[in-house]
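So the structure is just underneath, and the comments pick up after that.
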């Protein structure tokens, strides 16, 4: 009988199942704590609805901002041959390894009243800390590197031969970017956007440090869960499950399209 070379080796199933259990069982633990009779009232509470609305709204804005700013940055990192690109890449990826609360402090001491640029913004009548705009900035700070990493990796995998061919045919840098580079990015763009939005949706540390926790203004769903857990653990568990469901919906609906390059 012919063996199937694509079969997964049996020895890999044990660690794979352990990894799956590590991811799934904590969510099952949340489910065991929920009283189904209390779920509708807790989910329809003003605090939960405000937090969900704010999380989705700021997450979408942060993702759009990451797309507009992160796509050119990914192209620069993947295609530029200027000196110092390795250092620049390390700085871009820094939010991936920094604790989010450190990112929040960095934003606060840059854009706060006594920050490096905060005084100038204050003179112009602009106050960013503890506003909805601060939530967007905090989410973008921690989530945009996911988009940059995904798109830069796609460009490096594709190589630069297509742009070189376009250049030999007389295409300038901008035309080659629009007609060649952007189509190369499309297959990776969907999955990168999904990861960016999911990271923005779950952001906590940088947000609470830079934006605070004001209901209806800066209290996103992760912050609402943390605040509610201090007084009502059951309500916090229900909100946690709501965040899990929203994140799963985003991934399940968007991920297949993203993988196939149709998002």
Inset, instruction - Specify the residue that is nearest to residue 53 (Cα to Cα); the eligible residues are those in the range 151-167 that are modelled with pLDDT under 80 and either assigned to a helix (DSSP H, G or I) or within 22 Å of the chain's Cα centre (by Cα) (or both). - result: 158
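When only residues in the range 117-144 that are in a helix (DSSP H, G or I) and free of Cβ contacts under 8 Å to residues at least 40 places away in the same chain count, which is surrounded by the fewest Cβ atoms within 10 Å (Cβ to Cβ)? Step through it out loud before you land on a result.
Within the range 117-144, the subset in a helix (DSSP H, G or I) is 118-123, 132-144.
Now narrow it down to the ones that are free of Cβ contacts under 8 Å to residues at least 40 places away in the same chain: 118-123, 133.
Working: 118: 19, 119: 12, 120: 11, 121: 17, 122: 16, 123: 8, 133: 17.
Among those residues, the one meeting the criterion is 123.
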Inset, instruction - Collect the residues in the range 189-217 that are surrounded by fewer than 24 Cβ atoms within 10 Å (Cβ to Cβ), in contact (Cβ under 8 Å) with a residue 40 or more places away in the chain and over 14 Å from the mean Cα position of the chain (by Cα), keeping them in residue-number order. - result: 208, 209, 212, 214, 215, 216, 217
Inset, instruction - Among the helices (runs of 4 or more DSSP H) lying completely within the range 186-263, list those that include at least 1 residues that are closer than 20 Å to residue 136 by Cβ and modelled with pLDDT of 90 or more. - result: 205-210, 221-229
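The values are calculated or read from the model by the stated rules, or taken from the named source; none is laboratory data. Since the structure is predicted, the reported quantities are computational estimates derived from the model, not experimental observations. Backbone-built Cβ (ideal geometry, glycine too); neighbour counts: all protein chains shown.
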